[in-house]
Amino acid sequence: MTEEKTHTSIDQPDAGRRTLLMMTGASIAATGLVSMSSAPAKAQASGEWDKTFPLSENVTHKKVTFTNRYGITLSGDLYIPADRDDASLPALAVAGPFGAVKEQSAGLYAQTMAERGYVTLAFDPSFVGESGGDARDVASPDINTEDFMAAVDFLGVHDAVDRERVGVIGICGFGGMALNAVAADKRVRAVAVTSMYDMSRVMAEGYYGSMTDEERAEGLAQMSRQRWTDAEAGDPAMAGGLPDSLDGIDNPIISMYHAYYKTDRGYHPRSVNSNSGWTVTNPLSFMNMPLLTNIAEISPRPMLVIAGSEAHSLYFSEDAYAAAAEPKELMIIDGADHVDLYDRMDVIPFDRLDEFFGEHLAA
């Protein structure tokens with residue numbers, strides 16, 4: 001493994017698409033190589049199983065609901081090892097990527113870790129998927145951070161869980177939310193993130209800080225006035241998601257988003273990124289409320305940060321690692337890109353995740 005990387009150049013094909021990706025966060029937290037050797041997981045054809053990966057015979061699965069501190073009902077998939085008996089087990093709350101749903105990457109992580117002996121909860125954040133919230137297809141740095149804490153509430157009162165042995169996994173944009181939540185929630189004993197994104201930073205600054213002060217001011221002005229338009233219409237305008245076809249599009253980031261969210265590999269009918277995208281005004285609170293200000297307060301609990309060496313998002317992981325206090329670990333997966341850590345079973349380091357949580361959630 002190596003930590004000396006050259007970041008991928010991000011050239012937008014036109015100003016409109018650039019605005020979409022940088023300002024709305026519509027699938028901005030996803031890109032990746034799609035030429036890895038393993039085949040992507042496939043959705044089940046049966047009516048009840050609605051995930052993008054097959055059900056394991058080594059776990060039991062149950063749909064659950066729980067309520068966050070703001071009174072929003074969240075929907076989750078609970079995975080428990082099939083051979084649990086009556087033992088109280090360590091538990092993991094899992095969410096992400098940003099704009100995905102629990103039937104996609106988060107569920108795959110949750111089920112795989114349940115096969116390894118953990119009670120796991122993959123959940124939809126507020127306003128997304130099967131979770132509640134009157135507004136739809138919006139995100140919040142505060143409320144989505146709280147969603148992780150609410151998941152810890154749920155796990156801590158479940159009879160299969162040892163509440164003193166709870167950890168968190170965040171993927172992509174919900175990696176940043178996970179770190180933010182764990183900094184404040186001292187019940188969590190360990191946190192791991194993969195392909196981590198700081199959504200507040202990328203929306204406020206653009207990739208690699210490329211957004212100028214003038215662009216930021218203009219974007220905020222446009223979204224501020226959009227609020228009047230939305231108020232008059234009675235419904236928020238949607239920013240639009242990924243294109244259904246790549247005809248005429250040669251932008252590698254859009255192509256890589258498309259390869260996961262718009263194909264059988266990862267498409268889901270409830271996924272924001274697979275469909276109409278976020279609201280136009282979605283970035284407003286993210287641009288004004290930095291997520292990782294207090295990341296050092298995760299210490300003395302351990303933090304594992306996993307990223308691909310070829311991921312355009314690698315710098316988020318490197319910078320979060322640098323800002324955090326010990327104990328911490330930065331694991332770079334050679335040759336992997338951002339989306340490879342969504343579902344590539346031969347790329348995601350589940351052995352290391354198991355070792356990490358096995359050590360730090362030990363009885």
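The values are calculated or read from the model by the stated rules, or taken from the named source; none is laboratory data. On a predicted model such as this, the values are computed, not experimentally measured, just so you know. Note: ideal-geometry Cβ built from the backbone for every residue, glycine included; neighbour counts use all protein chains shown. Accessible surface areas use protein heavy atoms only, side chains included; no ligands, DNA or RNA. Shrake-Rupley method; radii C 1.70, N 1.55, O 1.52, S 1.80 Å.
Criterion applied to Met289, Met223 was being of a type outside the set (Ser, Thr, Tyr), open to solvent by less than 30 Å² (accessible area, probe 1.4 Å), at pLDDT 95 or above and in contact with a helix residue (DSSP H, G or I) (Cβ under 6 Å, 6 or more places away or on another chain), and the one residue passing it is Met223.
Considering only residues that are touching a residue at least 12 places away in the same chain (Cβ under 8 Å) and more than 17 Å from the chain's Cα centre (by Cα), look in the range 266-281 and name the one that is surrounded by the fewest Cβ atoms within 10 Å (Cβ to Cβ).
The qualifying residue surrounded by the fewest Cβ atoms within 10 Å (Cβ to Cβ) is Ser276.
For the range 204-215, the criterion of a residue being open to solvent by 10 Å² or more (accessible area, probe 1.4 Å), in contact with a strand residue (DSSP E or B) (Cβ under 7 Å, 6 or more places away or on another chain), farther than 28 Å from Arg69 by Cα and in a loop (DSSP other than H, G, I, E, B) is satisfied by no position.
Within the range 52-74, can you find the residues that are within 20 Å of the chain's Cα centre (by Cα) and either surrounded by fewer than 19 Cβ atoms within 10 Å (Cβ to Cβ) or more than 28 Å from Lys262 (Cβ to Cβ) (or both)?
As a first pass, look at the range 52-74 and keep what is within 20 Å of the chain's Cα centre (by Cα): 52-53, 63-68, 72-74.
Residues satisfying the conditions are Lys63, Val64, Thr65, Phe66, Thr67, Asn68, Ile72, Thr73.
How many of the residues making up the range 282-298 are touching a residue at least 40 places away in the same chain (Cβ under 8 Å) and assigned to a loop (DSSP other than H, G, I, E, B)? Total satisfying the criteria: 7.
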